[in-house]
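Here is the structure we will look at.
The values are calculated or read from the model by the stated rules, or taken from the named source; none is laboratory data. Fair warning: this is a prediction, and the values are worked out from it, not measured in the lab. Note that we place each Cβ from the backbone using ideal geometry, even for glycine, and neighbour counts take in every protein chain shown.
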Amino acid sequence: MLSVQSYENIEAYDWTQLRLLQAVANQAATALHNAKMYEEAEAERNKLAAILNSTTDAVVVLNQEEHVALVNPAAERHLQVSVQDVVDHPLSALGLKGLSRALDEAKREMTGVTREVATPQGRCLYASVSPVSHLGWVIVMQDVTPLKELDRMRTEWVASVSHDMKNPVTAIGITADLLERSASLNENQQELLRTIRQTSKQLRSMVTDVLDLARLEADPALKETLVEPNQVVGDAIAEIRPVADSKSITLITDLPPRLPAIRGDETQPRRSFVNLLSNAMKHTDTGGRVIARGRPRDSLVQSAVSDTGRGIPEQELPQIFDRFYRVSGSDQVPEGTGLGLSIVKRIIEKHGGCIWVESELGRAVPSSSLCLTPGARVRRKCDPAQA
């Protein structure tokens with residue numbers, strides 16, 4: 001507290017002096033306030049610097065001109081760069097082409113994006129690029145190379161085991177067929193053989209699905225060509241029609257005369273549509289309907305499969321594309337492996353599209369929908385709300 005007093009004369013100061021003293025007091029108070037604010041700001045800056053310096057995540061801050069404004073020590077280690085070489089330089093100075101592409105996408109969408117980015121040293125970084133108001137952009141990267149390596153080893157192990165199982169499972173089915181033809185069997189023995197054949201068929205289907213999923217997760221390069229969606233749907237319908245006939249299910253196609261061609265692998269889109277139709281067949285009762293639709297939508301081709309099955313509970317919708325996940329009550333469908341929709345999702349995403357599901361328990365609504373872009377890979381996000 002600042003105090004000015006006169007013990008000799010209570011009227012020692014006139015109004016001019018009082019105003020001067022008040023101005024000095026105001027200046028002193030402002031200076032003290034600013035000093036306190038500076039001290040608090042400096043403490044917060046030191047805390048932030050300590051966090052940035054100690055975190056294992058690589059952090060890069062870009063200014064509004066998209067030049068590097070800050071690089072923390074973790075970023076220097078992961079990217080093998082020095083602050084002096086990259087600060088005040090464009091993002092390309094970091095040597096990460098994938099990061100530049102992620103920034104371009106974030107600028108188009110004006111929202112945060114996450115992408116896997118490969119470094120020249122062979123590391124894999126999981127990068128998040130987010131806009132910061134009145135500042136620029138902040139990029140946070142985590143080194144997920146060990147996790148990617150573990151995932152690769154798991155995929156190779158699963159593929160190896162599944163491949164080794166294929167021959168014994170096939171041999172079981174062939175042996176059952178030969179046994180039935182070579183001997184006179186009573187009714188109980190024939191029933192046992194039917195069980196053996198059915199079980200070997202299920203095992204063979206599961207092994208095939210596991211191998212297909214392992215190949216897709218290995219991320220091989222697509223052998224891209226122009227694919228006609230009408231042909232894809234037509235071939236899938238032809239393949240699945242015997243199943244529909246055996247269950248007396250009405251199979252309906254709703255397509256325009258010609259959908260725009262899509263760019264992708266020649267066989268994978270067909271496999272995805274066969275899996276969607278097969279899944280719909282499994283969960284549709286005898287006498288029901290399965291409908292395959294296709295429509296051009298802006299720069300996309302949207303295809304959908306709907307059925308008159310019992311539907312899917314709302315709480316289970318987010319999990320139906322997970323591996324080995326089966327909707328509650330689907331134990332009544334013994335031939336399912338729980339991998340069909342996972343394969344579909346992987347194929348669609350590998351082609352740059354997206355897939356989603358819409359369903360209500362006890363109501364016939366579209367069970368699944370997928371988007372593919374005509375003529376080129378998808379360059380923007382699919383929006384299910386516009387479907």
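Quick notes
- There is at least one residue in the stretch 93-103 that is more than 19 Å from GLY136 (Cα to Cα) and touching a Pro at 6+ places or on another chain (Cβ under 9 Å).
- Of the residues making up the stretch 255-290, those that are of a type in the set (A, V, I, L, M), crowded, with 18+ Cβ neighbours inside 10 Å and farther than 20 Å from SER205 by Cα number 3.
- Restricting attention to the stretch 295-325 and to residues that are surrounded by fewer than 19 Cβ atoms within 10 Å (Cβ to Cβ) and in a strand (DSSP E or B), the residue that is modelled with the lowest pLDDT turns out to be ARG297.
- Of all residues in the stretch 73-108 being out of contact with any strand residue (DSSP E or B) (no Cβ under 8 Å at 6 or more places or on another chain) and not in a helix (DSSP H, G or I), the one that is surrounded by the most Cβ atoms within 10 Å (Cβ to Cβ): GLY95
- Exclusive hit being in a helix (DSSP H, G or I) and either more than 21 Å from the chain's Cα centre (by Cα) or surrounded by fewer than 14 Cβ atoms within 10 Å (Cβ to Cβ) (or both), set VAL169, VAL138: VAL169
- Picking from residues in the stretch 326-376 that are in a helix (DSSP H, G or I) and at pLDDT below 65, the one that is nearest to the chain's Cα centre (by Cα) is SER330.
- Any hit, the stretch 113-133, residues being within 28 Å of the chain's Cα centre (by Cα), assigned to a helix (DSSP H, G or I) and under 30 Å from ALA214 (Cβ atoms): no
- The residue pairs whose first member lies in the stretch 127-152 and is among the acidic types (Asp, Glu), whose second member is buried (at least 17 other Cβ atoms within 10 Å of the Cβ) and in a helix (DSSP H, G or I), and whose beta carbons are closer than 9 Å, counting only pairs six or more residues apart or on different chains, are ASP143/ALA74; ASP143/HIS78; ASP151/GLU217.
- Exactly one residue out of ALA238, ALA214 is of a type outside the set (D, E, K, R) and outside the structural domain of ILE355 (by TED's automatic domain parsing), and it is ALA214.
- Identity of the residue in the stretch 50-66, of a type outside the set (Val, Ile, Thr) and surrounded by 16 or more Cβ atoms within 10 Å (Cβ to Cβ), that ends up modelled with the lowest pLDDT: LEU52
- Residue match in the stretch 70-83 (condition: assigned by TED's automatic domain parsing to the domain that holds GLU116, touching a residue at least 12 places away in the same chain (Cβ under 8 Å), over 19 Å from ALA118 (Cβ atoms) and in contact with a His (Cβ under 9 Å, 6 or more places away or on another chain)): no
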